[in-house]
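Step one of this worksheet: look at the structure below.
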């Protein structure tokens with residue numbers, strides 16, 4: 001074999017099956033050639049995106065090549081009407097296809113042909129557009145995808161070396177004509193920016209590779225500490241968070257948002273840090289995908305922005321009704337033996353029927369010492385905002401608040417009545 005590539009020791013044996021993502025471009029065809037010539041057990045995976053006229057020709061060539069070389073080959077066709085997010089959908093589709101094929105052949109590794117120039121382009125692109133510590137490090141040589149490893153054997157091999165190998169070994173490959181244009185930022189980096197760095201430093205690609213390794217190692221150290229701090233949760237206490245190093249604080253925020261498929265910018269991270277460290281006990285921050293970053297006293301968490309609408313029911317003696325789809329209320333004069341929670345209320349005949357509703361602006365409680373807003377009462381009791389909107393407010397027939405279920409009972413009268421409550425799925 002001419003001009004053998006200087007590929008690091010591969011983490012798999014020659015007998016175990018490995019999945020190769022084969023697009024038909026020069027990088028993946030060179031990697032395929034190298035693996036076959038070195039007698040590795042390759043299973044080819046090719047995705048036809050159907051975006052170019054040459055796609056069918058490329059698929060046909062790959063199929064016939066695998067048949068002639070007696071190499072297992074899996075082909076899949078990607079179709080979507082979503083032009084706006086085509087790249088993201090196609091990426092997800094490809095890797096799910098590679099994963100399914102790995103499971104089918106009991107393979108532990110999926111190989112992709114990203115090389116040193118790809119790594120440099122990605123690092124420069126992230127520096128231009130912004131990222132976090134992991135992102136600035138560009139492409140990783142090895143990452144986990146579910147329970148399979150993605151491995152990139154060519155990541156420290158330059159495009160020039162790959163081109164030379166292809167020439168010397170008569171490797172057939174296909175060119176994607178879109179790569180020649182400057183329509184995309186990555187292409188502009190490839191054609192106009194990266195060559196300037198290489199001209200200034202011929203060893204630039206190796207420098208970028210080492211830079212990537214340093215950033216990835218640093219990120220892994222911080223991320224491991226993030227996971228340890230969160231302890232399998234996606235929430236934390238402010239008091240425990242604020243004593244941590246700033247780099248770890250930022251990664252904890254990033255990790256939580258990543259779990260909600262939210263890519264945070266540096267400005268968002270700064271805003272969230274300000275919220276966490278604010279003296280105000282309760283704050284909200286609207287995130288993408290209809291999520292809210294919430295501070296509730298000493299607790300920080302992310303929740304879905306589900307607005308709770310107003311709800312009201314009336315309840316008479318021996319009536320049973322559901323409130324907020326969760327509480328089952330039953331009003332009775334006679335308390336039977338039951339494990340259900342209940343509220344013992346004083347009442348007069350004119351107090352009925354009772355009303356149970358969610359809170360309203362201006363609600364107040366009547367104490368002996370005077371009035372107090374329900375909002376202020378909740379604040380005193382350190383009830384978080386979301387729970388305030390679900391506490392059942394109990395009123396008499398005169399629209400006077402006589403109780404807040406599970407919190408306070410201010411009822412007056414000359415008779416007793418029992419408000420029994422069961423919570424569904426509790």
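State whether region 312-423 is rounded, prolate or oblate according to the following rule on the C-alpha gyration tensor (a ≥ b ≥ c being the square roots of its eigenvalues): a/c under 1.5 gives rounded; otherwise a/b larger than b/c gives prolate, and the remaining case gives oblate. Oblate shape, in that a/c is at least 1.5 and b/c is the bigger or equal ratio.
Inter-label distance, residue 86 to residue 221: 4.3 nm, where each label sits 7 Å from its Cα along the C-beta direction.
Could you work out the relative contact order of the chain, using alpha carbon pairs under 8 angstrom and six or more residues apart, expressed as a whole percent? It would help to have the intermediate numbers written out before the result.
On the way: 629 pairs, mean separation 48.4, N = 426.
Reported relative contact order: 11 percent.
Residue ranges 106-117, 212-223, 277-288 sort as 106-117, 212-223, 277-288 when ordered by packing (mean number of other C-beta atoms within 10 Å per residue, highest first). Relative to one another, the C-alpha centroids of region 225-263 and region 7-78 are positioned 40 Å apart.
For residue 289 and residue 247, calculate 0.36 nm times their separation in residues minus their Cα-Cα distance, and state this gained length in nm to one decimal.
Length gained, residue 289 through residue 247: 12.6 nm.
Rounded to the nearest 500, the 222 nm mean residue ellipticity of the chain from helices alone is -11000 deg cm²/dmol, with -39,500 (n - 2.57) taken per DSSP H run of at least 4 residues.
Is the C-alpha gyration tensor of region 18-211 telling us rounded, prolate or oblate? Criteria: a/c under 1.5 is rounded; beyond that, a/b larger than b/c is prolate, otherwise oblate. Cα axes put region 18-211 in the rounded bin. Here's the picture: a label point sits 7 Å out from the Cα of residue 316 along the beta-carbon direction, and within region 374-397 the residues with their amide nitrogen under 16 Å of it are 397.
Between residue 258 and residue 54, what is the label-to-label distance in nm when each label sits 7 Å out along the Cα-to-Cβ direction? My value for the distance between the label points is 3.6 nm. The Cα center of region 265-306 and the Cα center of region 113-139 differ in position by 29 Å.
Using all pairs of distinct alpha-carbon atoms, the Kirkwood hydrodynamic radius of region 233-304 works out to 12.1 angstrom.
For Rg/Rh (Cα atoms, Kirkwood Rh), the candidate list reads (i) 1.01; (ii) 1.12; (iii) 1.17; the entry that matches the value derived from this model is (iii). State whether region 359-426 is rounded, prolate or oblate according to the following rule on the C-alpha gyration tensor (a ≥ b ≥ c being the square roots of its eigenvalues): a/c under 1.5 gives rounded; otherwise a/b larger than b/c gives prolate, and the remaining case gives oblate. Oblate, because a/c is 1.5 or more while a/b does not exceed b/c. When both bridge partners sit in the chain, DSSP labels roughly 75% of those beta bridges antiparallel.
Every read-out reported here was derived from the displayed coordinates using simple, explicitly stated rules and does not represent laboratory data. Quick caveat, the model's predicted, so the values are computed rather than measured. No Cβ is skipped: glycine too gets one built from the backbone with ideal geometry, and neighbour counts run over all protein chains shown.
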